[in-house]
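Just below is one structure, and these are the notes that go with it.
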Amino acid sequence: MLGAMTLIVTVGAFLVFMQNTTAPHTTLPTSHTTVVNTLTLTSPAFAHNEAIPPMYTCDGENISIPLTIQHVPEGTHSLALVMDDPDIPVAVKEKMGISHFDHWVLYNIPPDTTSIEDGVGVGNLGLNSLGKMEYIGPCPPDGEHRYVFRLYALSQPLTFIKQPTLFEVEEASKSIAIAKAELIGTYKRTISPQ
C-alpha cells in the first residue's frame, strides 16, 4: 500500500513538473504587433523635398504654409515649429551676421494640434530674421533654396522673458525634446528679383 502511494505521488509530481517545463514550448505564442509612433510633419501643399507653391512665397500671397502633424508621442506638453533657409548667399550671411535666414517661429503649440491651416498661426510667435513676429515666405535671390521645417515635441511648455528667436527656441527645446520631425521644401523664383 505504501509502495503504491509513493508511486502515485511520484507520478503526480513528475506530471506537474513536465507540465510546468513544457507549457511554454507547447503553447502557441500570441501574435503581438509593435507599432512605433514616430512624430511626422507633412504638408498638403507639397511633398518632402518638392517645390513649395508660389502662393506661399513672396511671388504670391505670402501666407504661411499648411502643415499636418501626426504621431505626437505620449508625454508631449507642447510643440515648437521653426522654418529657416540654410542656402542664403554668402553676402547676406556676412551682412546680417547669420548662417541661415529664419522665416517662421512658433512655440507652445498645443500638443493635440493635428494641422496648421494656411495663413493661420497657432501657439506663440517668435522672431524671424527681420526681428518681426510673423511668417516670411520663401524669396530666394539666387536660384533654388531649401526651406527646412523642424517640429519638436516637448515635455513641457517654453517660457521666455522676451520674444525668442529661432535659435533661442531650439536651444531651449534641446533638453526637453521627446521627438523631432523635419520637412524640407524648395523654391526657385520664376520672377526675376527687382
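The values are calculated or read from the model by the stated rules, or taken from the named source; none is laboratory data. The structure displayed is predicted, hence computed values, not measured ones. Cβ: placed from backbone, ideal geometry, glycine included. Neighbour counts: every protein chain shown. Only protein heavy atoms, including side chains, enter the accessible area calculation; ligands, DNA and RNA are left aside. Shrake-Rupley method; radii C 1.70, N 1.55, O 1.52, S 1.80 Å.
For this structure, a couple of remarks:
- Only residues that are over 22 Å from Pro111 (Cβ atoms) and assigned to a loop (DSSP other than H, G, I, E, B) were counted in segment 137-162, giving 10.
Listed here are the residues, each with its yes/no results for (1) more than 18 Å from the chain's Cα centre (by Cα); (2) closer than 17 Å to Leu183 by Cβ; (3) not acidic (Asp, Glu).
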site	(1), (2), (3)
Tyr56	yes, yes, yes
Ile69	no, yes, yes
Ser78	no, no, yes
His100	yes, yes, yes
Ile109	no, yes, yes
Val122	no, yes, yes
Leu127	yes, no, yes
Arg150	no, yes, yes
Ala153	no, yes, yes
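- Here Ile161 passes the criteria (1) more than 27 Å from Cys58 (Cα to Cα); (2) hydrophobic (A, V, I, L, M, F, W, C); (3) touching a residue at least 12 places away in the same chain (Cβ under 8 Å); (4) out of contact with any His (no Cβ under 8 Å at 6 or more places or on another chain) except the one numbered (3).
- Enumeration of residues in segment 82-131 that are aliphatic (A, V, I, L, M) and open to solvent by less than 20 Å² (accessible area, probe 1.4 Å): Val82, Met83, Ile88, Val105, Leu106, Ile109, Ile116
- Criterion applied to Glu134, Glu168, Glu182 was being part of a strand (DSSP E or B), acidic (Asp, Glu) and open to solvent by 60 Å² or more (accessible area, probe 1.4 Å), and the one residue passing it is Glu182.
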